[in-house]
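Enquirer: This structure is in structure tokens; I'll ask about it shortly.
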Amino acid sequence: MAEPHRVREALRASMTAWATLSVRGDQARVTLTPDLDVLAPQLDAIDPGWSLTWACDHPEPPIVRARLSVLGAAREGLATAHTLADAKLAALADLARTYGVQPSSEPLWVEYDPEDGANTSELETETPAPRAAASRALPPEPPRDPQMDKARRHIEDLLEQLKVAGRGGDAARILMRGYGETLEESRAIYKELHALLKG
């Protein structure tokens with residue numbers, strides 16, 4: 001039987017990496033994720049036989065499933081992001097949520113350079129000051145549509161239900177085109193996912 005509190009603490013302590021979820025012009029939306037270089041030694045101390053595997057459910061945009069096995073117990077996370085490497089980190093962050101580990105802030109918008117990637121150098125990770133990143137002056141976010149945010153939250157809630165029901169892979173195939181660029185597209189995707197849950 002795994003000791004979830006020890007794994008949870010290891011995941012919480014490793015929340016020092018950033019994944020780029022999406023890019024819009026010279027802006028990138030980033031989220032805090034576990035750093036494998038920090039996490040691995042801590043998991044070694046809990047269970048020398050632990051394993052972490054990834055499965056790419058869709059290549060473009062990348063949708064990745066992460067599966068962590070520690071002391072015989074396995075948990076999964078599923079995420080999409082800007083690149084395959086970012087999707088792996090985001091899936092690991094989603095997996096961390098199953099242990100109750102949440103990022104210290106919502107995803108943030110930062111400057112983005114195609115060659116250098118997202119500029120997260122001024123963002124602080126959770127360990128030194130959990131709320132410091134949110135209080136820093138960051139590049140302005142692109143205008144947000146409250147209805148689109150609400151639609152995205154509904155889709156994410158439904159995605160969680162589908163994962164619990166063992167239909168995460170099917171849901172990932174539906175989400176391969178994202179959450180929709182317009183409210184109508186988001187509603188259509190939600191209806192597809194809802195039909196999947198009912199079917």
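Enquirer: Looking at VAL64, VAL30, VAL110 in this structure, which one is modelled with pLDDT under 90 and open to solvent by less than 20 Å² (accessible area, probe 1.4 Å)? Explain how you work it out, then say what you get.
Expert: Numbers: VAL64 fails: modelled with pLDDT under 90; VAL30 fails: modelled with pLDDT under 90.
Unique residue meeting the criteria: VAL110.
Enquirer: I want to confirm something. Restricting to the stretch 48-61 and keeping residues that are surrounded by 15 or more Cβ atoms within 10 Å (Cβ to Cβ) and not in a strand (DSSP E or B), which single residue is nearest to the chain's Cα centre (by Cα)?
Expert: In this case the residue turns out to be PRO61.
Enquirer: Consider the stretch 92-101. How many of its residues are touching a strand residue (DSSP E or B) at 6+ places or on another chain (Cβ under 9 Å) and either open to solvent by 30 Å² or more (accessible area, probe 1.4 Å) or acidic (Asp, Glu) (or both)? Break it down into steps so the answer makes sense when it comes.
Expert: Filtering the stretch 92-101 for residues touching a strand residue (DSSP E or B) at 6+ places or on another chain (Cβ under 9 Å) gives 92-99, 101.
From what is left, the residues that are either open to solvent by 30 Å² or more (accessible area, probe 1.4 Å) or acidic (Asp, Glu) (or both) are 94, 97-98.
Counting residues in the stretch 92-101 that are touching a strand residue (DSSP E or B) at 6+ places or on another chain (Cβ under 9 Å) and either open to solvent by 30 Å² or more (accessible area, probe 1.4 Å) or acidic (Asp, Glu) (or both) gives 3.
For every residue, the table says whether it meets (1) hydrophobic (A, V, I, L, M, F, W, C); (2) out of contact with any helix residue (DSSP H, G or I) (no Cβ under 7 Å at 6 or more places or on another chain).
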position: VAL7; (1), (2): yes, no
position: ALA10; (1), (2): yes, no
position: ARG24; (1), (2): no, yes
position: THR31; (1), (2): no, no
position: LEU36; (1), (2): yes, yes
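Enquirer: In the stretch 33-47, which residues are in a helix (DSSP H, G or I), open to solvent by less than 20 Å² (accessible area, probe 1.4 Å) and under 15 Å from LYS88 (Cβ atoms)?
Expert: LEU39
Enquirer: Taking the stretch 67-78, which residues are of a type outside the set (A, V, I, L, M) and either loosely packed, with under 15 Cβ neighbours inside 10 Å or in contact with a His (Cβ under 6 Å, 6 or more places away or on another chain) (or both)?
Expert: Filtering the stretch 67-78 down to residues of a type outside the set (A, V, I, L, M) leaves 67, 69, 72, 75-77.
Hit for the stretch 67-78 is GLY72, nothing else.
The values are calculated or read from the model by the stated rules, or taken from the named source; none is laboratory data. Note that this is a predicted model, so its numbers are computed, not measured. In this analysis, Cβ positions are derived from the backbone assuming ideal geometry, glycine residues included, and neighbour counts consider all displayed protein chains. With ligands, DNA and RNA removed, areas are computed over all heavy atoms of the protein, side chains included. Shrake-Rupley method; radii C 1.70, N 1.55, O 1.52, S 1.80 Å.
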